[in-house]
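Participant: For reference, the structure I am asking about is given below.
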Amino acid sequence: MSGFSAVRLLREALRGQTGWGQQWRSPDQPQAAYDVVIIGGGGHGLATAYYLAKGHRVGRIAVLEKGWIGGGNTGRNTTIIRSNYLFPESAALYDHAVQLWEGLSQELNYNVMFSPRGVLMLAHNVHDEQSFRRHVHANRLAGVDNEWLDAEACRAFCPPLDIHQRRYPVLGGALQRRGGVARHDAVAWGYARAASALGVDIIQNCEVTGITRANDGAVTGLSTSKGQIRAGKVGVVAAGSTSLVMAMAGVRMPLESFPLQALVSEPVKPVFPCVVMSNTVHAYISQSDKGELVIGAGTDQYPSYSQAGGVHILSHTLEAICELFPMFRRMRMLRSWGGIVDTTSDRSPIIGLTPVPGLFVNCGWGTGGFKATPGSGHVFAATIARAEPHPIAAPFSLGRFTTGRLIDEAAAAAVAH
Amino acid sequence: MLLIHCPWCGERAELEFRHCGEAHLARPTNPATLTDAEWAEYLAFRDNHRGWVRERWRHVHGCGRFFNALRHTLTDRFAASYKTGEAWPEPPA
Ligand SMILES: Cc1cc2nc3c(=O)[nH]c(=O)nc-3n(C[C@H](O)[C@H](O)[C@H](O)COP(=O)(O)OP(=O)(O)OC[C@H]3O[C@@H](n4cnc5c(N)ncnc54)[C@H](O)[C@@H]3O)c2cc1C
Ligand SMILES: [Zn+2]
């Protein structure tokens, strides 16, 4: 693998683009043993492997993915990135990620198309306004940018927005200018390529079916669809499937898995300059570089692994989008899909150690973990390497459900994120 | 959208119902004597199983009553609905 550069682009342009090789090694078979195995080849798992290989001397590392890398929620999400969460613990975690996003394309030598075009969260009622103003103040104290815009300023920032419609009146909004979007596939591919270059084995079509443990309870290896693998340490980064994987080690989790859907429109010329979220009406919208409007909907009300939510969830979101942005009423939708998100009761993730020695977990990102991908991988790698929580990860321990030290972003925002 | 059988009203559209979580979780009668871990188990830890699950529903926009149902979390198919307090039916083979 050689690096991307302007010189290389030019050379390939002259050679008919014939010189681009495979971007990462994808060995068909795993080795017999690894020092660290990551279960789950989504953005978080691949980022964990990359930062482990780059920053920690832990020996041989593998990522096992039951399907193809990025085929889980990483490749299904609406890619909104922001860090204006209420509590200092969350702001520290998500802002750590935003800081890494800002230099990620250079770091990985891969264009992840991070586009900090601003994320505007609309307030439709007095409760929203009070809650968002509280967020703005808390974020400023925590050193995270977030500002309150009145309705006119919202329209100036996002001209397609109709602030005078009656159904969902816009009282104002909270704007994080450093927030934005990135290209989800490129994030998985960029981390895979960079991790592979550092010697990480990325094994696709390899489903973990069992976790083997010694008499003292410690993890010794994994059963997989490609045979037994011995492992010193195991990191579970399996999003919606986390409860199922952890059950293989006899660990119950404070998680429920729900379908969450998104959809895209037909591609059109650039019409939408920013990201707009409306938590109250469950509609999130931005425009991809291909021109499609990318629209996020809500979760279904019941836990499910079906990766296909109810159609009424989508139509509810589209109704709201059409009220807020009347210019999109005649737009055709191209396709919709679902992913399975693992939610905790406080809507904050779980990153850290487990009751099983050698077994680590990074999960519970629910509806909003894409934004955290680089930060999550970075702090989880340190947590695995040192077998003790990274300071930013420490508050997000599994133990908080027992001690009661919840980080209740659910109550703070009263919505998905 | 799911079609859900209320044991009192019959089959109705999912929009009339509210999902109310895993069924047969009895609130401990002795909270003061439970350990933190036992209390956490009751409050937060769930099976989150892929397969047949027993769950609580409430017919909020109908008779308003709670009941339990047996649903498969991969296919979302219901095998049975039964009244609160009744024994749960065996899941289909
Ligand atoms: C529709 C939708 C919209 C979203 N919008 C946003 C958004 O705008 N902003 C945001 O920040 N977040 C958003 N999210 C959430 C975000 O997608 C996730 O939090 C994040 O991508 C999780 O990344 P991950 O790497 O942990 O999980 P995943 O990408 O799901 O990776 C987990 C991987 O584990 C693999 N796996 C599972 N079980 C096994 C096994 N037994 N053996 C081997 N491999 C296994 C899976 O195949 C999967 O590839 C959205 C999610 C969805 C579904
Ligand atoms: Zn009824």
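Participant: What Kirkwood hydrodynamic radius do you get for region A:68-216 when you take the inverse of the mean 1/r over all pairs of distinct Cα atoms, in Å?
Facilitator: Taking the inverse mean of 1/r over all distinct Cα pairs, region A:68-216 comes out at 18.0 Å.
Participant: Within 10 Å of each residue's Cβ, count the other Cβ atoms and sort A:T373, A:T79 from fewest upward.
Facilitator: Arranged by neighbour count, lowest to highest, A:T373, A:T79 become A:T79, A:T373.
Participant: By residue number, which cysteines of the protein assembly as shown lack any other Cys whose Cβ falls under 4.7 Å from their Cβ?
Facilitator: For the protein assembly as shown, the answer is A:C154, A:C158, A:C206, A:C274, A:C322, A:C363, B:C20, B:C63, because their Cβ atoms have no other cysteine Cβ under 4.7 Å.
Participant: Any number yet on Rg/Rh for region A:199-339, C-alpha, Kirkwood?
Facilitator: Answer for region A:199-339: 1.14.
Participant: Under 10 Å, Cα contacts only: if you run a Gaussian network model on chain A, which one of A:H390, A:H137, A:H164 comes out with the highest mean-square fluctuation?
Facilitator: A:H164
Participant: So what's the back-of-envelope 222 nm ellipticity for the protein assembly as shown, counting only DSSP H runs of four-plus at -39500 (n - 2.57) apiece and dividing by all residues, rounded to 500? Display every interim value, and only then the final one.
Facilitator: Details: 13 runs with 130 residues, N = 510.
It lands at -7500 deg cm²/dmol.
Participant: At A:E388 and A:A6, where each label point lies 7 Å from the Cα along Cα→Cβ, what is the point-to-point distance in nanometres?
Facilitator: If labels sit at A:E388 and A:A6, their model points lie 4.7 nm apart.
Participant: How far is helix A:88-102 tilted off the main Cα axis of chain A, in degrees rounded to 10, range 0 to 90?
Facilitator: 80
Participant: How long is the gain from A:D289 to A:W337 if the chain were fully straight, where each residue apart is worth 0.36 nm and the alpha carbon distance is subtracted?
Facilitator: Details: separation 48, 0.36 × 48 = 17.28 nm, distance 1.95 nm.
Contour length minus Cα-Cα distance gives 15.3 nm.
Participant: Follow-up question, since we're still on this one. Test of understanding: in a Gaussian network model of chain A with alpha carbons linked when under 10 Å, which of A:L14, A:L318, A:L141 would top the mean-square fluctuation ranking?
Facilitator: Of A:L14, A:L318, A:L141, the Gaussian network model singles out A:L14 as fluctuating most.
Participant: Related question: Could you list A:F87, A:F258 in order of exposure, starting from the residue whose Cβ has the fewest other Cβ atoms within 10 Å?
Facilitator: Listing A:F87, A:F258 from fewest to most nearby Cβ atoms yields A:F87, A:F258.
Participant: Would you kindly derive the ³J(HN,Hα) couplings of region A:176-183 from the backbone phi angles with the Karplus curve 6.51 cos²θ - 1.76 cosθ + 1.60 (θ = phi - 60°), listing them in order in whole Hz, with x for Gly and Pro?
Facilitator: 10, 5, 7, x, x, 9, 9, 8
Participant: Please average, across the residues of B:6-19, the number of beta carbons from any other chain that are within 10 Å of each residue's own beta carbon, and give a whole number.
Facilitator: Across B:6-19, the average partner-chain Cβ count within 10 Å equals 1.
Participant: Right, here's the next one. Relative to the longest principal Cα axis of chain A, at what angle does helix A:184-197 sit, 0 to 90 degrees, rounded to 10?
Facilitator: 30
Participant: On full extension of the chain, what length is gained from A:E207 through A:Q228, given 0.36 nm per residue of separation minus the C-alpha to C-alpha distance? Working shown, then result.
Facilitator: On the way: separation 21, 0.36 × 21 = 7.56 nm, distance 1.12 nm.
Answer, rounded to one decimal: 6.4 nm.
Participant: Now, a different point. Amide H to amide H, which residues 5 or more places from A:R213 or on other chains are under 5 Å from it, using H placed in the peptide plane?
Facilitator: A:T220
Participant: I would also like to ask the following. Given a Förster radius of 51 Å and the C-beta distance between A:V271 and A:W68 as r, what FRET efficiency does 1/(1 + (r/R0)^6) yield to the nearest 0.05?
Facilitator: Efficiency, from the Cβ-Cβ distance: 0.95.
Participant: Where does region A:309-363 land on Rg/Rh, using Cα atoms and the Kirkwood Rh?
Facilitator: 1.25
Participant: Residues of region A:306-350 with the amide nitrogen closer than 12 Å to a label point 7 Å from the Cα of A:Q165, along Cα-to-Cβ, please.
Facilitator: Within reach of a label on A:Q165, which here means backbone N under 12 Å from a point 7 Å along Cα→Cβ, region A:306-350 contributes A:317-331.
Participant: Using only the alpha carbons of chain B, determine the length spanned along each of the three principal axes and report them from longest to shortest in whole angstroms.
Facilitator: Result, largest extent first: 42, 30, 23 Å.
Participant: At 0.36 nm per residue, minus the direct Cα-Cα distance, what do A:T220 and A:D408 gain on full extension? Give it in nm, one decimal, please. Provide the component values of the computation, followed by the final result.
Facilitator: Values: separation 188, 0.36 × 188 = 67.68 nm, distance 3.50 nm.
Between A:T220 and A:D408, full extension yields 64.2 nm more.
Participant: So how strong a dipole does the protein assembly as shown carry about its Cα centre when Lys and Arg Cβ are +1 and Asp and Glu Cβ are -1, to the nearest 20 debye?
Facilitator: For this selection, approximately 800 debye.
Participant: Right, here's the next one. Just to be sure I understand: with springs between alpha-carbon atoms less than 10 Å apart, which residue in A:G42, A:G368, A:G21 has the highest mean-square fluctuation in the Gaussian network model of chain A?
Facilitator: A:G21
Participant: So what's the net charge close to A:V170: Lys and Arg +1, Asp and Glu -1, counting the other residues with Cβ under 14 Å from its Cβ?
Facilitator: -3
Participant: Please arrange A:H135, B:H59, B:H49 by how many other C-beta atoms lie within 10 Å of their C-beta, fewest to most.
Facilitator: Fewest-to-most Cβ neighbours within 10 Å comes out as B:H49, B:H59, A:H135.
Participant: Follow-up question, since we're still on this one. Work out the charge dipole of the protein assembly as shown with +1 on the Cβ of Lys and Arg and -1 on the Cβ of Asp and Glu about the Cα centre, then indicate which of A:Y94, B:A13, A:P395 is farthest towards its positive end.
Facilitator: A:Y94
Participant: Something else now. Counting Lys and Arg as +1 and Asp and Glu as -1, each charge on the Cβ, what is the dipole of chain B about the Cα centre in debye, to the nearest 20?
Facilitator: Dipole about the Cα centre, nearest 20: 260 debye.
Participant: Continuing with this model, one more query. When only Cα pairs under 8 Å and 6 or more residues apart are kept, what is the percent relative contact order across region A:178-302?
Facilitator: Details: 156 pairs, mean separation 19.8, N = 125.
Relative contact order of region A:178-302: 16 percent.
Participant: Right, another one. Label-point separation (nm) for B:R77 and B:R65, each offset 7 Å from Cα along Cα-to-Cβ?
Facilitator: 2.7
Participant: Sticking with this one: Which net charge results when you count Lys and Arg as +1 and Asp and Glu as -1 among the other residues whose beta-carbon is under 11 Å from that of A:S241?
Facilitator: 0
Participant: Can you flag which of A:K226/A:K290; A:K54/A:K371; A:K269/A:K371 are past 32 Å Cα-Cα?
Facilitator: A:K226/A:K290
Participant: At 7 Å along Cα-to-Cβ for each site, give me the label-to-label distance between B:L34 and A:D185 in nm.
Facilitator: 4.8
Participant: Now for a separate question. From the backbone phi of region A:35-43, what are the Karplus-calculated ³J(HN,Hα) couplings (6.51 cos²θ - 1.76 cosθ + 1.60, θ = phi - 60°) in whole Hz, Gly and Pro given as x?
Facilitator: 7, 10, 10, 9, 9, x, x, x, x
Participant: For the protein assembly as shown, compute the orientation-averaged projected area of the C-alpha convex hull (one quarter of its surface), in nm². Working shown, then result.
Facilitator: Values: hull surface 105.6 nm².
That works out to 26.4 nm².
Participant: Calculate the FRET efficiency for A:H312 and B:C9 from the Cβ-Cβ distance with a Förster distance of 22 Å, rounded to the nearest 0.05.
Facilitator: Between A:H312 and B:C9 the formula returns 0.65.
Participant: Along the positive direction of the dipole of the protein assembly as shown (beta-carbon charges: Lys, Arg +1; Asp, Glu -1; about the Cα centre), which of A:T79, B:N30, A:A186 reaches farthest?
Facilitator: A:A186
Participant: Work out the mean other chain Cβ neighbour count within 10 Å for the residues of A:250-258 and drop it here as an integer.
Facilitator: Partner-chain Cβ atoms within 10 Å, mean over residues of A:250-258: 4.
Participant: Just to verify a number: FRET efficiency for A:Q106 and B:L25, C-beta to C-beta distance, R0 = 56 Å, to 0.05?
Facilitator: Calculated value: 0.65.
Participant: What are the ³J(HN,Hα) values, in whole Hz, obtained from phi via the Karplus relation 6.51 cos²θ - 1.76 cosθ + 1.60 with θ = phi - 60°, for each residue of region B:73-83 in sequence order, with x given for Gly and Pro?
Facilitator: Couplings: 7, 9, 9, 6, 7, 8, 9, 6, 10, 8, 6 Hz.
Participant: Label point 7 Å out from A:E147 along Cα-to-Cβ: which residues of region A:168-201 have amide N under 11 Å?
Facilitator: Residues A:175-178 fall inside that zone.
Throughout, read-outs are computed from the coordinates displayed, never taken from laboratory work. Remember, it's a predicted structure, so these values are computed and weren't measured experimentally. Here the Cβ is made from the backbone with ideal geometry for all residues, glycine too, and neighbour counts use every protein chain on show.
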